[in-house]
1. Taking the beta-carbon count within 10 Å as an exposure proxy, list V24, V440 from fewest neighbours to most.
2. Kindly put H289, H203, H257, H39 in sequence by how many other C-beta atoms sit within 10 Å of each C-beta, fewest to most.
3. Starting from the Cα of T212, step 7 Å along the direction of its Cβ; do the same at L19; then give the gap between the two resulting points in nm.
4. Can you give me the distance in nm between label points at S258 and E165, each placed 7 Å from the Cα along the Cα-to-Cβ direction?
5. Give me the number: length gained by fully extending A348 to S281, i.e. 0.36 nm times residue separation minus the C-alpha to C-alpha distance, one decimal in nm.
6. Using the beta-carbon distance between F179 and T265 and R0 = 22 Å, what value does 1/(1 + (r/R0)^6) give for FRET efficiency, to the nearest 0.05?
7. May I ask for the net charge around G22, where only other residues with Cβ less than 12 Å from the Cβ of G22 are counted and Lys, Arg are +1 while Asp, Glu are -1?
Amino acid sequence: MYLIGHAFKNIVRNKGRYLLIGAVLIICLTSITVSAMIHFTTEAVIDDYSDRFGASVYFTPDLRKLLALKKPDEKGMYHDPEITTEQYLAFSKSDAVKNTLFQGARQTYSDTLLGLDQGGEENFYASGGWEGMGFTDSADSQAAHGQRQAPNTVVLGYSDYSLMEDFAQGLRELDEGNFFKSSGECMVSRDFADLNGLKLGDHLELQDVNNTEVEPLHLTVCGIYLDITTPQPDGSDWALNNRRNEILTCFSTLEEHSIFGLYVTAVYYLKNPGLAAEFESYVRENGLHEVYNVNVDAESYNRIVKPVESLKSISTTFLAVILLVGCLILLSMLGVRERKYEIGVLRAMGMPKAKVAFGLICESVCVMVLCLCIGLGAGSLIAQPVSDRIMKEQADLVEQRPQADYGDIIFSTSGINENPSALQEVDIILTTESIAFTAVISLVLGLLTNITGIFYITRYEPMKILSERG
């Protein structure tokens, strides 16, 4: 207790020197607090945005390659190479992919259900419509078209609700029941339900018309939706093309049933745009035709994440500079050598080196704790304005910066799923991590500077110190 009391008396006795040291410490600790708050907050924001919004990828045919590598059919039409369902599923297994959104479609038929506009396709077949479109009346043509069961429903499967754009655009709205949540649940339109007398909980049995060998698809109606979309977008009168005949379910329902006869599209989200080359190499190895370009929406991702990453990088650099400058200033200002005579007297009175060192450390800890409290308070007040200023400058730089080049991969800002708008500001908060980090840094800073001075002064014998007085 004597040493602690002596430490407090020394602080009061040397208040001029400690006020100067305290001012430097407060500036350092305030800067460290600001840097720590920005660092930990931006780190959490980057992790959150990276988890939710990756760089989207999709495939589009290259017209020049298509003309060079593919031949036209009898009518002079060029057809894109097929990307199979197996390939779409395989591409999602790349290490570069963070998340994949799948949409699947299966053309189905049921003897117990009627589709809106049902009969139009059958009439088309009966009137020789395929011949009118240029198809010959060959055995293959009849097998492919004439004997094919005309579908009266289409089952659409979504791996994520965000793909159901009609609901987001207000063209469809849940009228009764719930959205599908588990495998086997489905939603039907109000028009389709009224036509067939369907209600919640009814079971549907649908046969895939493209693969009649598989077992029927069994679904349970969990919701009925209102639909104001155009019933026949292409102007035909086929049940297949009438959007009110669409049965909505989760993608896993269709995938578990069978991948054969299933039409699939997918949007892939990379962990970051820098992995685009790795992803392209992977999909090429897994069968993606060279006609297709791999389009990466890097600009949208960078517009969101880059300013925050720059803010984090600046705060980390600023923290390193502050620590270095703070240590140098404190080493020059602690002035332990100025107290050689005081230490010499204490040592001559018989006080051990350990107690002398402990007393000096007590003084330093007391000053450091007081400065830490002031620094945390001041830092929490100015962290937000500092962050806003840096964020604005970095966002402006990203907008002016040309798109990054990741090789021969095409970049586009018109992705299938749009990313959210760029962050204009980050809410900086004083977290427990920031407080703990600043406290540890201040403790280490104080101990290191004191230990250096203590080592310098205690290596001398008491009489030598006293003899050098003056």
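What follows draws every value from the coordinates through simple rules; no lab data is involved. Predicted model only: the values in this text are computed from it and were never measured. Ideal geometry is used to build each Cβ from the backbone, glycine not excepted, and the neighbour counts take in all protein chains shown.
1. Numbers: V24 17, V440 10.
Lowest count first: V440, V24.
2. H203, H289, H39, H257
3. Between T212 and L19, the simple spin-label model gives 9.9 nm.
4. Label-label distance for S258 and E165, simple model: 3.1 nm.
5. Gain in length upon complete extension: 16.4 nm.
6. So, using R0 = 22 Å, E works out to roughly 0.60.
7. Cβ neighbours under 12 Å give a net charge of +1.
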